[in-house]
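Working notes, structure below.
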Amino acid sequence: MQKLIPKYGVAAHLAFLAVSPLFLFPYCGEEWTASVVICLSALAAVWMVMEPSRRSGELLFEARDRVVRSLVSDPLFWVFVVLLVVSGIRWANGGIGMAYDAEIRKWSLRGPVCSFLPGVVDGRGAYPFAGTLGAFVIAMSFRHALGKAARLSFLFLSSFLASVAAITAGVMAHLGVPQAVETASANGFSGAFSGTAFALYFLGGLIALAGMFEIGWNKMLLLFSIAIGGTFAGAMIFLPPQLAALYAIAGIVAIMATLVYVGLTRSAADSLKCAVAVLLASLIPVLLVLALDPGVAAFERIAAMFNADSLFPESFTRSRNALSAVAFKEWSVHPWLGSGVGSFPIGIRFNATGADWALINVAQKLPKSGWWALLAERGMVGALMFALPLGFMAYTFVRRLIGAFSGGATFVPGSLLGVIAVVALVAQSFIDPSFLVPEVIMAATAFVAMSAASFPPVRKNVVDDTPEGDKLKGDREDGR
């Protein structure tokens, strides 16, 4: 039990933290969801420091001391501290809304209380702050507190929990719960799709399948199939066809990496077991669609994902261009800080022309472009807040990739996970801003950090050649 808790306890708490918004999104507002994420982040941070994965021969107090020292010496830690401060200031700097000037009889967009600081529409600042905090805890845990077995268990647990959330939300939509029905329509008026997170955990489940044999969970093959199939069902239900097709293609890449890796490192029989697990998983979305929507053949819905004629109709392109033009007008007024999180639906009233309204739905909340949504509401400062942590984690990835050529075991599918996820999100960002959603941010952060951690750590030069000194040369816990 003393070995089980530090090995999987932190991973379990991180999985609950990352997936919690997927259980809450059809039923709770942003503020309630933010409160849950903040509380779970605090609890996961305590576990990260108090029960980290231990290296070979390392005592618990030594592991705690190592984690604390590595945290404060990690530049990314301080980058996230700055991001939390900025996000907290933005949360407190509300007041954006409609303002009427009685003297000139004209409506305008009222700025935040402090115009020289990042602002937010009242009630919209808590969730972005919670997402930043959750990503902070997840990134630091992967970089300093999780061993190989713990990282693989996070992939499985998060994917399995996401599959439960996807199936539950699909059933709720079938039963007529208004919020779930609106989300399942995937009309894009909200500007982002919650199904993106389900699609990411679908990729995570496929990579977890490759690590199933390495952590000795061979007898849990059926649960892995449920995790993979349930998350892809969530992607089918809560994503439009073109995006579901995008992640299906990314999934094929992940499946091929999984089968090849298992076949080369284990045996052909184990590779066959992975193939069987994927085949079983493919039945779940088909059966779920048949059960929830018997009037539409499941195979017809899957075929629609790859119908090029219906993926990007002309009306979508015209609407996207009109919204991007409106976003450009908003960004040109506030290039550094943006107009404020949640302000686009207000600003569109002042920047859209009569011709634009013929193409734009009045319910639209964000542009159909992630880049213009980022610049319009958050400005260059907000873009920098996304670029900095990604750049630091990319640097770690490249540094460990180069170090991997000197020897050491590499979990190849895990090293590809972050790359596949980022490429898919970048492709998706050209048609919607789902990468701005906190649950997507937390999942992507975990996967990018997982990619870097899948390479052997860079060895440190030490003078001590004793067994105790040799223990400090690199991570040895769980074969890492």
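The values are calculated or read from the model by the stated rules, or taken from the named source; none is laboratory data. It should be emphasised that the depicted structure is a prediction, and the values quoted were computed from it without experimental measurement. Here the Cβ is made from the backbone with ideal geometry for all residues, glycine too, and neighbour counts use every protein chain on show.
What the table shows:
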| quantity | calculated |
| --- | --- |
| Subset of the stretch 70-95 that is small (Gly, Ala, Ser) and in contact with a strand residue (DSSP E or B) (Cβ under 9 Å, 6 or more places away or on another chain) - its residue that is surrounded by the most Cβ atoms within 10 Å (Cβ to Cβ) | Gly94 |
| Count of residues meeting criterion [aromatic (Phe, Trp, Tyr) and in a loop (DSSP other than H, G, I, E, B)] in the stretch 336-385 | 1 |
| Single match in Ala227, Ala235 (criterion: under 14 Å from Ser159 (Cα atoms) and at pLDDT 95 or above) | Ala227 |
| Qualifying residue in the stretch 121-131 (condition: buried (at least 21 other Cβ atoms within 10 Å of the Cβ), touching a Pro at 6+ places or on another chain (Cβ under 8 Å) and farther than 19 Å from Val37 by Cα) | no |
| Counted residues, the stretch 422-434 - those being in contact with a Gly (Cβ under 6 Å, 6 or more places away or on another chain) and surrounded by fewer than 23 Cβ atoms within 10 Å (Cβ to Cβ) | 1 |
| Residue that is surrounded by the fewest Cβ atoms within 10 Å (Cβ to Cβ), among those in the stretch 35-54 that are under 28 Å from Ala453 (Cβ atoms) and among the small types (Gly, Ala, Ser) | Ala42 |
| Scope the stretch 406-429; condition in contact with a helix residue (DSSP H, G or I) (Cβ under 7 Å, 6 or more places away or on another chain) and closer than 20 Å to Phe316 by Cβ; matching residues | Ala424, Leu425, Ala427, Gln428, Ser429 |
| Index of the failed condition, Phe23 passing every other in (1) of a type in the set (Phe, Trp, Tyr); (2) at pLDDT 95 or above; (3) more than 20 Å from Ala149 (Cα to Cα) | (2) |
| Positions within the stretch 398-435 being farther than 17 Å from Ala446 by Cα and of a type in the set (Phe, Trp, Tyr), in sequence order | Phe405, Phe430 |
| Total residues in the stretch 238-257, condition touching a Leu at 6+ places or on another chain (Cβ under 9 Å) and either more than 16 Å from Ser159 (Cα to Cα) or small (Gly, Ala, Ser) (or both) | 11 |
| Cross-chain or 6+ apart pairs with Cβ under 8 Å, the stretch 44-55 first and closer than 14 Å to Phe136 by Cβ, then part of a loop (DSSP other than H, G, I, E, B) | Met48/Ala145; Val49/Ala145 |
| Every residue from the stretch 56-78 that is in contact (Cβ under 8 Å) with a residue 40 or more places away in the chain and under 26 Å from the mean Cα position of the chain (by Cα) | Val67, Ser70, Leu71, Asp74, Pro75, Leu76, Phe77 |
| Filter result for Met172 (over 20 Å from Val448 (Cβ atoms) and either surrounded by fewer than 23 Cβ atoms within 10 Å (Cβ to Cβ) or of a type in the set (Val, Ile, Thr) (or both)) | yes |
| Residue within the stretch 405-420 that is of a type in the set (Gly, Ala, Ser), in contact (Cβ under 8 Å) with a residue 12 or more places away in the chain and within 21 Å of Thr132 (Cα to Cα) present | yes |
| Selection status of Val286, surrounded by fewer than 20 Cβ atoms within 10 Å (Cβ to Cβ), of a type in the set (A, V, I, L, M) and modelled with pLDDT of 70 or more | yes |
| Extreme residue, farthest from the chain's Cα centre (by Cα), among residues of the stretch 330-353 that are farther than 22 Å from Arg124 by Cα and surrounded by fewer than 17 Cβ atoms within 10 Å (Cβ to Cβ) | Thr353 |
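For (1) modelled with pLDDT under 80; (2) touching a Ser or Thr at 6+ places or on another chain (Cβ under 9 Å); (3) under 19 Å from Ala192 (Cα atoms); (4) β-branched (Val, Ile, Thr), each residue gets a yes or a no:
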{"position": "Leu311", "(1), (2), (3), (4)": "yes, no, yes, no"}
{"position": "Pro335", "(1), (2), (3), (4)": "no, no, no, no"}
{"position": "Gly340", "(1), (2), (3), (4)": "no, no, yes, no"}
{"position": "Asn351", "(1), (2), (3), (4)": "no, no, no, no"}
{"position": "Ile360", "(1), (2), (3), (4)": "no, yes, yes, yes"}
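Residues checked against (1) under 20 Å from Ser429 (Cα atoms); (2) of a type in the set (D, E, K, R):
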{"position": "Tyr201", "(1), (2)": "yes, no"}
{"position": "Gly205", "(1), (2)": "no, no"}
{"position": "Phe213", "(1), (2)": "no, no"}
{"position": "Ser225", "(1), (2)": "no, no"}
{"position": "Thr265", "(1), (2)": "no, no"}
{"position": "Lys273", "(1), (2)": "no, yes"}
